[in-house]
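Report on the structure given below.
The values are calculated or read from the model by the stated rules, or taken from the named source; none is laboratory data. Worth saying up front: this structure is predicted, and the values here are computed from it rather than measured. Note that we place each Cβ from the backbone using ideal geometry, even for glycine, and neighbour counts take in every protein chain shown. Calculation scope for accessible area: heavy atoms of the full protein, side chains included, ligands and nucleic acids excluded. Shrake-Rupley method; radii C 1.70, N 1.55, O 1.52, S 1.80 Å.
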Amino acid sequence: MRWLVGDIQGCAREFERLLAQIRFDPACDELWCLGDLINRGPDSLATLRMWRDVGGRGVLGNHDVYALLTHSGRWPRKHDTLADLFAAPDADELLARLRALPVLAHLPGPATAAVRDVWVAHGGLDPRWTDLTAVAAVANAPPHDDAWLTSPTVNFATRVRCCTATGERSKFDRDPADCPPPYSPWDQFYRGAALVVHGHWAWRGHYRNPPDGPRTMGLDSGCVYGGELTAWCQEEDRVVQVKAAKAY
């Protein structure tokens, strides 16, 4: 089974409980995390180690980008919860795995999958990205250096919530119905046939647009704020959630 998991943000206990609840087996299952594996929550180090140990894959999120750029010295440190991770003996290995992740990924399912064709990104898509295969080929190309991490494509894919049809991004992060004009939720511009699954919008929570609307699904249900950690199975089109132990 292929499982997609929303923003973990260092909530290692909830991550462990979720893997147990879905009976995740690294020998036959596949795990895709939708960015923001780390920061804000209490245990980024344990989260990354667990993700590594189960063969986790994923796409980059904005908090992952922040961790990589502060660790390299490109950006100054702000208030974060990354001290244990940065001090760990395996920090370089874990962060190298994180840096190698794409920002857009295509996940075609088997013919028997409930949802055959899926694209994943942390934040969302620029309305001008009409050929996602071509965009992904360029956006994911190495080297994944600091210049790449600060590129407009990575910045947009990891941070967008509301934007215009021409790709101007707003920093608004609350109820999508309240996106200030001329901005709209990015998914309102999406016209592709594949389902796009993303994280990043905790205020919006887990949602799925109706069959006659944009084909998008959000899996960030605000675990780090006391909400839930959400996973979705592509083959079965099934959602599983675990409640956060507390608001961190």
TODO: Can you work out which of the residues in segment 3-23 that are touching a strand residue (DSSP E or B) at 6+ places or on another chain (Cβ under 8 Å) and open to solvent by 30 Å² or more (accessible area, probe 1.4 Å) is nearest to Ala111 (Cα to Cα)?
DONE: Gln21
TODO: State whether one or more residues within segment 103-114 are in contact (Cβ under 8 Å) with a residue 12 or more places away in the chain, in a helix (DSSP H, G or I), out of contact with any helix residue (DSSP H, G or I) (no Cβ under 6 Å at 6 or more places or on another chain) and open to solvent by less than 40 Å² (accessible area, probe 1.4 Å).
DONE: no
- [ ] Say whether the condition of being polar (S, T, N, Q), open to solvent by less than 10 Å² (accessible area, probe 1.4 Å) and in contact with a strand residue (DSSP E or B) (Cβ under 9 Å, 6 or more places away or on another chain) is met by at least one residue in segment 217-228.
- [x] no
Task: Subset of segment 63-99 that is among the polar types (S, T, N, Q) and open to solvent by 20 Å² or more (accessible area, probe 1.4 Å) - its residue that is farthest from the chain's Cα centre (by Cα) - done: Ser72
Task: Residues satisfying the stated conditions in segment 144-182, i.e. under 29 Å from Gly73 (Cβ atoms) and open to solvent by 90 Å² or more (accessible area, probe 1.4 Å) - done: Pro152, Lys171
